[in-house]
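This report refers to the structure that appears directly beneath it.
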Amino acid sequence: MDIFVGVIVGLLVLMILVTLHEFGHFIMARRNGVRVLEFGIGFPPRAIAWVKNPKTKKWKRIDKKDYGKPQEGLIFSLNYLPIGGFCQMDGESDAETRKGTFGSVSLWKKTKILFGGVAMNWLAGIIIFTILAWTGMPTFLDDQFTIKEDVSYNSVPVRVGVVAEDSPAERAGIKVDDRILRVDGTEMLWSSEIIDYNKAHAGGEVTYTILRGEEEFDTVVTLNEKDSDYLLGVALESNQKMSYSTWSAPLVGVGLTAQMTAQTFQGIGDLVWNLVRGVGSLFSFDSNVRESGQQAISQVGDSVSGPVGIIGVLFPAFTSAGPANLAFLAGLISVSLACMNVLPIPALDGGRWLLIVIYRLRRKKLTKEIEEKIVSRAFIVLLTLMLIVTVLDIMRFFR
């Protein structure tokens, strides 16, 4: 049941985020004199549609028998496939010259239209993260962006999950389910903080403040030396830390969106580098180099997730973790959509813009035939990659 609910929620969230992206194109097209033929939520076949009379400005429902016929005025449609949305503009080829078409407007106006969807996704991320900063932001990164002068934390102390036999922790009387409140008088909210502190004090004595049930007490632990298998001898479990901001919430929204954008681009760069390095290494005569290349390609497969992984795994997990976690995931995906559409791939917004600019710089005409050929081939490559990622997601799902 949790998986089913998570899948439904995932489909709805993705549809909303993609529709927001298309709405960004819609707003910029209308503001820059380009006619929009149809704005749709979901993908065809149509469930229901209306048309706006250009003279009276009134909306009229379109009869199903007229769905295939041209309509005068903007069409708004609700469609059966809940996998996003679309904004169909008049004359989307750069070669179009008819007034009111996408092709007829200036390069600057085309730029605003093409990147309107990207801007809308970034704006959605900022709004989501701003609201979370006010109401409670899940903390997933040690260096997650905050304004230190205006942030407070609420967290359940780190829990001891496992205690190794004859370890420094066992000798000091630490038990499973104990909560570590402080280390040498310093509050520790993350297991990583405790681990780093232990590394800095390897071989020395450290005072742990423990909460066991309702009893709080101190115990002195003599840590193992740095070259030992472990220093303390426990497995630590951190409960989620929530941060709260007041006046700085909008700044946190902008800052966290920028941080996630930078990390997304870094992740894309690492993925491409691992893929290139891995494929290149497979042709080496050195077996060690080939093995390293296979590991790099394996890292690419493990780090990429498509619709099946996002909807079938991530959304059920984040949905069951609570609304704050689900909202954080929605904000992160919105930022990721913005970053992906900036990439110079002809089937995406950034690639279409780059294609138009290249032909402008070459002082050559980008004909409709050339544009369609380049974009369609790039789209086929994207679909092929999506299919491969989907297969990998399914294999991980049933692993």
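Among T101, P157, A119, whose Cα sits farthest toward the positive end of the charge dipole of region 64-185 (+1 at Cβ of Lys/Arg, -1 at Cβ of Asp/Glu, about the Cα centre)?
Highest projection toward the positive end goes to T101.
If the chain between K199 and L141 were fully stretched, how many nm would it gain, using 0.36 nm times the residue separation less the Cα-Cα distance? Numbers along the way, then the final one.
Numbers: separation 58, 0.36 × 58 = 20.88 nm, distance 2.02 nm.
Additional length available on full extension: 18.9 nm.
So what is the relative contact order for region 12-141, in percent, with contacts set as C-alpha pairs under 8 Å and at least six apart? Numbers along the way, then the final one.
Values: 222 pairs, mean separation 42.9, N = 130.
The value is 33 percent.
Quick check: pseudo-label points 7 Å beyond the Cα along Cα→Cβ at V162 and D177, how many nm apart are they?
1.9 nm
Within 10 Å of each candidate Cβ there may be at most 16 other Cβ atoms; applying that plus a DSSP loop requirement, which GluC sites (Glu not before Pro) in region 143-227 survive?
On the way: sites: E149, E165, E170, E187, E193, E205, E214, E215, E216, E225; in loops: E165, E214, E225.
Sparse-neighbourhood loop GluC sites (Glu not before Pro): E165, E214, E225.
Out of the trypsin sites (Lys or Arg not before Pro) in region 199-246, which ones are loop residues according to DSSP with at most 12 other C-beta atoms within 10 Å? Could you put the intermediate results ahead of the total?
On the way: sites: K199, R212, K226, K241; in loops: K226.
Answer in residue order: K226.
Return the sequence-ordered ³J(HN,Hα) values of region 94-107 in whole Hz as given by the Karplus equation 6.51 cos²θ - 1.76 cosθ + 1.60 applied to θ = phi - 60°, using x for Gly and Pro.
So the Karplus estimates, Gly and Pro as x, are 5, 7, 5, 10, 5, 4, x, 9, 4, x, 7, 8, 5, 4 Hz.
If each of R212 and K364 carries a label point 7 Å out from its Cα toward its Cβ, how far apart are those two points in nm?
7.8 nm
Of the trypsin sites (Lys or Arg not before Pro) in region 29-73, which ones lie in a loop per DSSP and count no more than 14 other C-beta atoms within 10 Å? Display every interim value, and only then the final one.
On the way: sites: R30, R31, R35, R46, K52, K55, K57, K58, K60, R61, K64, K65; in loops: R35, K55, K57, K58.
Taking region 29-73 and a limit of 14 other Cβ atoms within 10 Å, the loop trypsin sites (Lys or Arg not before Pro) found are K55, K57, K58.
Pop out the ³J(HN,Hα) list for region 25-32 in order, Karplus 6.51 cos²θ - 1.76 cosθ + 1.60 with θ = phi - 60°, rounded to Hz; leave Gly and Pro as x.
Working through the residues one at a time gives 4, 4, 4, 5, 5, 5, 6, 10 Hz.
Quote the relative contact order of region 156-239 in percent (integer), defining contacts as alpha-carbon pairs under 8 Å separated by 6+ residues. Walk me through the intermediate numbers first.
Details: 176 pairs, mean separation 33.2, N = 84.
Rounded, it is 40 percent for region 156-239.
Round to the nearest 0.05 the FRET efficiency obtained for D227 and D270 when R0 = 30 Å and r is the Cβ-Cβ distance.
On the way: r = 31 Å, r/R0 = 1.04.
That gives a FRET efficiency of 0.45.
No lab work stands behind these numbers, since they all come straight from the coordinates. Because the structure is predicted, anything quoted here is derived from the model rather than measured. Cβ: placed from backbone, ideal geometry, glycine included. Neighbour counts: every protein chain shown.
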